C-alpha cells in the first residue's frame, strides 16, 4: 500500500496538470483575436499592397437597426493600426458611392465593402452579448475590383461584466463595434514597413 501512494500522487498531479492545460487552452483559444473569422487571401494582396482604402458605407442587410456608422468608424481605425490609409468618409460618400462610380476613379487603391447580415441584440441588456453575421471584402480598385481579401464570421460576441463599468450604452456599443472590427481586421495581413 505504501508503494501505491507515490503512483497515486503522480496520477493526481498529472490529472491536475492536464485539467489546467485544458482550461488554459480553452481560454487562450477564445481570446485569440480573429479565431472566429474565416478568410480568403489572394496572393496578389502582397504585390498590390494597396495604401489608400475607401471604406464604403456598411450595407445593413439585417432588416433592423444596427450601429453601422460605429462599425464603419471602427473599421477605419483598425485599418490605420494595420498601416493602411483609409480615405475620409465625406470624400468617399461624395465620390465613390454614386451609381456611375468605377473602381479607382477617386485615386483609391482598394475598396473595403462590408455587409452586415445579422445583428442580434436580444441578450445585450442582460448579458452584453451580440450575435453577428458579417462579411468584409477588400477589392483591388486598380484592376477592376478583383477580390484581394475576404473575411466572414457568424458568431456570438460576449463582452461580459467589464462592460458594466462603461458609463453609457452608446459607449458599450462603440467598444463592441471596435472589438468586432478588430477581430475581422486581425485576419487582414498588415502592410509591411517596406511597403510604407
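The values are calculated or read from the model by the stated rules, or taken from the named source; none is laboratory data. Being a predicted model, the structure only gives us computed values, none of them experimental. Here Cβ is always computed from backbone atoms with ideal geometry, including for glycine, and neighbour counts include all displayed protein chains.
The table for this structure:
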quantity	calculated
Subset of the stretch 32-48 [more than 15 Å from residue 111 (Cβ to Cβ) and surrounded by 14 or more Cβ atoms within 10 Å (Cβ to Cβ)]	34, 35, 36, 37, 39, 41
Residue list for the stretch 78-102, restricted to those being in contact (Cβ under 8 Å) with a residue 24 or more places away in the chain and either farther than 16 Å from residue 57 by Cβ or surrounded by fewer than 11 Cβ atoms within 10 Å (Cβ to Cβ) (or both)	78, 81, 82, 83, 84, 85
Filtered residues of the stretch 146-176 (kept if loosely packed, with under 15 Cβ neighbours inside 10 Å and in a helix (DSSP H, G or I))	161, 162, 164, 165, 169, 170, 171
Residue within the stretch 106-115 that is more than 21 Å from residue 184 (Cα to Cα), assigned to a loop (DSSP other than H, G, I, E, B), touching a helix residue (DSSP H, G or I) at 6+ places or on another chain (Cβ under 7 Å) and at pLDDT below 95 present	yes
Residue that is in contact with a strand residue (DSSP E or B) (Cβ under 9 Å, 6 or more places away or on another chain), assigned to a helix (DSSP H, G or I) and surrounded by fewer than 21 Cβ atoms within 10 Å (Cβ to Cβ), where the choices are 179, 142, 126	179
Selection within the stretch 43-60 - in a loop (DSSP other than H, G, I, E, B) and over 18 Å from the mean Cα position of the chain (by Cα)	43, 49, 50, 51
Boolean, residue 136 is within 22 Å of residue 66 (Cα to Cα) and part of a strand (DSSP E or B)	yes
